[in-house]
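Only one structure is covered here, and it is reproduced in the block below.
The values are calculated or read from the model by the stated rules, or taken from the named source; none is laboratory data. The model shown is predicted, which means the values in this text are computed figures rather than measured ones. As a convention, Cβ positions derive from the backbone with ideal geometry for all residues, glycine included, and neighbour counts pool all protein chains shown.
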Amino acid sequence: MAQQVEQPTLGFTAFRSNKTAPTATKVRGGYYTPAALADYLCRWAIRSRSDRVIEPSCGDGSFVSAAAPLLGDDGSITAVEIVPEEIRKAQAAANGTTVPIDWKCADFFDVAPGLMQGPGYDAAVGNPPFIRFQYFDKRARERAFRLVNTVGYRPNGLANAWVAFVQLAAELVRDGGRLAMVVPAELLQVQYAAELRDRLPMLFDAVSVIAFDRLVFPDIQQEVLLLLGDGRNRNAQTCGRLYTRQVADGEALLSMARSADITSHAPERHTHADMKWTSLFLEDDEFRTLRAAVHSGSLDLMGELADVDVGIVTGRNSFFVVTEGTARRLGLDGHAVDVIGRTAALKSIRFTEDDLMRYGTANRSKLIDLNGQPRSSFSAALDHYIRSGEEQGVDRGYKCRIRKRWFDVPSVYVPDAFLFRQIHHAPLLAANRACATSTDTIHRVRVAAGVDVDSLCASMVNSLTFAWAEVCGRSYGGGVLELEPREAERLLVPYRFSEGLDLEYIDRRLRAGDLEGAMDHGDRVLLKSGCGFADRDVRSARAAWNRLRSRRHRRR
């Protein structure tokens, strides 16, 4: 019989992803869990030496090795792994244990239907593979999607493999059992995990989410969470309890006296259909203020006021974006447009000709736009430049080769405004007074008929819209908030109250670097006078923005 092991003393501050060749690892999502973390989760999930345990993607066996000492001869482990070399490592690591282990070298999505016909498991543990949709084998994805369909999910085509693993693992847990998984922080915020967020509190009596200030897998800039489902309940009629804990790092987690302490001091949280789980890290008054704003009827959605579109995808910026001097040399008169590619160019609610000139002292750039121009009209220099691109293989890149003419960059237009795609502090919207366009690092915005672009840009500058951006968007390991177009169009904007704004004052404050001063003005005019917010509500909205912004900054 394997002996009970002592609580590990290994800290998590030096965690590394135990990965093979980078490309192969990225494709199959094989970033393995440090032994101390696997041990911690198994100690929480396994409560009896006779428990039946499932690990749906055992990799090199860190969870199997952690679970085995907690079980007796009447317990068991089912370990599934698709890669033969990895399952051999797991078997070697578990050599000597007397706990029955059913090794299955197979695709989890192939064996799951048979496992679902069994009596179920007391605990499902593991670290499902982080395989993004573009690397998710098409046949495996189709099998996975068909299988999760049978238990009521309707996955979208962008779903990452880990979601299907968690969905099916939860189905394998029998009543009263537990789920303990390492999952990407995408759970909190991405659309393809929305169904899982909705279902988890219905599947378990209590769901706990543990987040870290610092990265657990620093080598891959992948922020992770611990997802704990306690008390599987197939007859639940109402949502279970929802808890969150934010800890500095693995050292702080291990220092907790018992794994039961994970939720003992955490307040119960509530979610809302319009709010991603990022909002669970707000204080109760902050959460109530944002939730009330959704139902107030006094705020507009950005998507009702404007269309948000990605910037121009050239296929090779280094080829299609040239200096002003090169544009003249190639004879691009009338077939090039000013272009910006860095959010650092946008300082305020207006992007002017002067801003473009200042930005252009080092970065003045032109985008080659040859749409509609016959090649026979190209200058000799331009024709030579096109041929040099073909010699370099630019035409064979995916974005280029799918075009009718590889050098015709699609969707070239000058927008009404620019919107940050990646955000450090706040989601600035800037009216385009410079007749420029942007690459895909900056979103392009076209306002609806009757909408004043300057007023719309100014009405973004307030605590509620900034806080809502933190809830609508998503952030990854680098601490940057990212808004995709559909998320940006969900922003709450008090545009209807913008008439009283002093646009020149906001412009001056932002250019002076006084974001808080510009927000104070926006809060007073838009939220208090316009929406009728009480002082405490304005303070709560500002606190919500500061809390969520600081949370992602800490994870840089």
ask   = LEU491 fails exactly one of the following numbered conditions: (1) within 27 Å of the chain's Cα centre (by Cα); (2) surrounded by fewer than 24 Cβ atoms within 10 Å (Cβ to Cβ); (3) not small (Gly, Ala, Ser). What is the number of that condition?
value = (2)
task = Take the residues in the range 92-128 that are surrounded by fewer than 18 Cβ atoms within 10 Å (Cβ to Cβ) and polar (S, T, N, Q), then tell me which one is farthest from GLY176 (Cα to Cα).
result = ASN95
key: Single residue of SER463, SER459 found to be in the same structural domain as LEU346 (by TED's automatic domain parsing), at pLDDT 95 or above, in contact with a Lys or Arg (Cβ under 8 Å, 6 or more places away or on another chain) and not β-branched (Val, Ile, Thr)   = SER463
key: Among residues of the range 480-530, those that are over 21 Å from HIS295 (Cβ atoms) and aromatic (Phe, Trp, Tyr), counted   = 1
request  = Run down VAL151, VAL207, VAL173 and say which single residue is touching a helix residue (DSSP H, G or I) at 6+ places or on another chain (Cβ under 9 Å), surrounded by fewer than 21 Cβ atoms within 10 Å (Cβ to Cβ) and under 17 Å from ARG234 (Cβ atoms).
outcome  = VAL151
key: Long-range neighbours under 7 Å by Cβ, at least six apart or interchain, first residue part of a loop (DSSP other than H, G, I, E, B) within the range 509-520, second of a type in the set (Lys, Arg) and surrounded by fewer than 17 Cβ atoms within 10 Å (Cβ to Cβ)   = none
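So how many residues does the range 41-54 have that are outside any helix (DSSP H, G or I) and either of a type outside the set (Gly, Ala, Ser) or outside the structural domain of VAL182 (by TED's automatic domain parsing) (or both)? Show your work before the answer.
Residues of the range 41-54 outside any helix (DSSP H, G or I): 46-54.
Checking the rest, the ones that are also either of a type outside the set (Gly, Ala, Ser) or outside the structural domain of VAL182 (by TED's automatic domain parsing) (or both) come to 46-47, 49, 51-54.
Counting residues in the range 41-54 that are outside any helix (DSSP H, G or I) and either of a type outside the set (Gly, Ala, Ser) or outside the structural domain of VAL182 (by TED's automatic domain parsing) (or both) gives 7.
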inquiry  = I'd like to verify a number: residues in the range 434-463 that are touching a Ser or Thr at 6+ places or on another chain (Cβ under 8 Å), surrounded by 19 or more Cβ atoms within 10 Å (Cβ to Cβ) and within 30 Å of VAL183 (Cα to Cα), how many?
reply    = 1
request  = State which residue is modelled with the highest pLDDT when the search covers only the range 297-306 and only residues that are touching a helix residue (DSSP H, G or I) at 6+ places or on another chain (Cβ under 8 Å) and assigned to a strand (DSSP E or B).
outcome  = ALA306
When residues of the range 334-344 are limited to those that are at pLDDT 90 or above and out of contact with any Ser or Thr (no Cβ under 8 Å at 6 or more places or on another chain), the one surrounded by the fewest Cβ atoms within 10 Å (Cβ to Cβ) = HIS335
request  = Would you please list the contacts, defined by Cβ atoms under 8 Å and residues six or more apart or on different chains, that run from a residue in the range 230-259 that is in the same structural domain as PRO201 (by TED's automatic domain parsing) to a residue that is modelled with pLDDT under 80 and assigned to a strand (DSSP E or B)?
outcome  = ARG241/GLU268; LEU242/GLU268; LEU242/ARG269; TYR243/GLU268; TYR243/ARG269; THR244/ARG269
request  = Starting from residues that are crowded, with 20+ Cβ neighbours inside 10 Å and part of a helix (DSSP H, G or I), keep the ones in the range 253-279 and report whichever is modelled with the lowest pLDDT.
outcome  = ILE262
request  = Select from the range 387-417 the residues that are of a type in the set (Gly, Ala, Ser) and within 33 Å of the chain's Cα centre (by Cα) and write down the one among them that is nearest to PRO485 (Cα to Cα).
outcome  = ALA417
ask   = Which residues, taken from the range 367-419, are over 18 Å from THR314 (Cα atoms) and assigned to a strand (DSSP E or B)?
value = ALA417, LEU419
inquiry  = Take residues that are touching a strand residue (DSSP E or B) at 6+ places or on another chain (Cβ under 7 Å) and free of Cβ contacts under 8 Å to residues at least 60 places away in the same chain and tell me which of the helices (runs of 4 or more DSSP H) falling wholly in the range 55-142 contain 2 or more.
reply    = 62-67, 84-93
note = Per the filter on the range 333-366, residues small (Gly, Ala, Ser) and assigned to a helix (DSSP H, G or I) are ALA344, ALA345, GLY360, ALA362
